[in-house]
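S.K.: Let me begin by handing over the structure; questions about it come next.
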């Protein structure tokens, strides 16, 4: 049976604003041999699936330096030291879109890349999102808000318009939790009553 490997030595190699690079020496319980690994150490992250009352998802379009592309994503970012994931999600949604939501649910937690990272990404659902202010971008952010009907998300995924792994994971969590069906049904009821918008 596979077991966790004991950590024998750990050394911080590089530190930067959002994390660092760590060298680890770990021993295999099976062979007894020690091996060197490298971890990109980051704080936890949050992603927000924000739905408006008319069942639109608040997507954002932004430039990503790592891929050197403009990506279609959901709001999200770093959990600051001492901050809980819900507070971080509320902050990121407000900063990146100018929206706030009264109802929040946790959809789940994933490990972005456990081979080289130890952090987690928390996905939260924000229901009834409403614009309350102007976005407050970081100096290194350029973001366009793209409210998109929830029903169009599968087609965007299928044609590759949404290709960010953590965003795909967030939508999978939404569908598995039944949140997509619930949001569409609620929006349909509001349209039928003439109260959507």
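S.K.: Taking a cut-off of 14 Å, what percent of all Cα-Cα pairs in the range 73-158 are separated by more than that?
M.R.: Working: 2556 of 3655 pairs.
Beyond 14 Å sits 70 percent of the P(r) for the range 73-158.
S.K.: Something else: How much length, in nm to one decimal, is gained on full extension between residue 5 and residue 176, taken as 0.36 nm per residue of separation minus their Cα-Cα distance? It would help to have the intermediate numbers written out before the result.
M.R.: Details: separation 171, 0.36 × 171 = 61.56 nm, distance 3.28 nm.
Length gained between residue 5 and residue 176: 58.3 nm.
S.K.: Can you show me the helix-derived [θ] at 222 nm for the chain, built from DSSP H runs with n ≥ 4 at -39,500 (n - 2.57) apiece and divided by the number of residues, rounded to the nearest 500.
M.R.: Working: 4 runs with 46 residues, N = 197.
Roughly -7000 deg cm²/dmol at 222 nm, from the helical runs in the chain.
S.K.: Would you mind pulling out the separation of the Cα centroids of the range 132-175 and the range 56-118, in Å?
M.R.: If we compute the Cα centre of each part, the gap is 10 Å.
S.K.: Let me ask you something else. Based on the Cβ-Cβ distance from residue 87 to residue 33, what FRET efficiency comes out when R0 is 35 Å, to the nearest 0.05? Show your work: numbers first, answer last.
M.R.: On the way: r = 43 Å, r/R0 = 1.24.
Between residue 87 and residue 33 the formula returns 0.20.
S.K.: Round to the nearest 10 and give me the degree value, 0 to 90, for the angle of helix 179-193's Cα axis relative to the longest principal axis of the chain.
M.R.: Compared with the principal axis, the helix lies near 10 degrees.
S.K.: Sort 156-165, 45-54, 99-108, 122-131 by the packing proxy (mean of other Cβ within 10 Å over each peptide's residues), most packed first.
M.R.: Top of the packing list down: 45-54, 122-131, 99-108, 156-165.
S.K.: Return, ordered by residue number, the residues of the range 7-44 whose backbone nitrogen is under 14 Å from a label point located 7 Å along Cα→Cβ of residue 138.
M.R.: 16-20, 42-44
S.K.: Which three extents, in angstrom, do the Cα atoms of the chain have along their principal axes, listed largest first?
M.R.: 68, 42, 34
S.K.: Still on this model: For residue 67 and residue 23, calculate 0.36 nm times their separation in residues minus their Cα-Cα distance, and state this gained length in nm to one decimal.
M.R.: Values: separation 44, 0.36 × 44 = 15.84 nm, distance 2.48 nm.
Gain on stretching residue 67 to residue 23: 13.4 nm.
Where a number appears in this text, it was derived from the coordinates with a stated rule and is not lab data. Source: prediction; values computed, not measured. All Cβ positions, glycine included, derive from the backbone under ideal geometry; neighbour counts span all protein chains shown.
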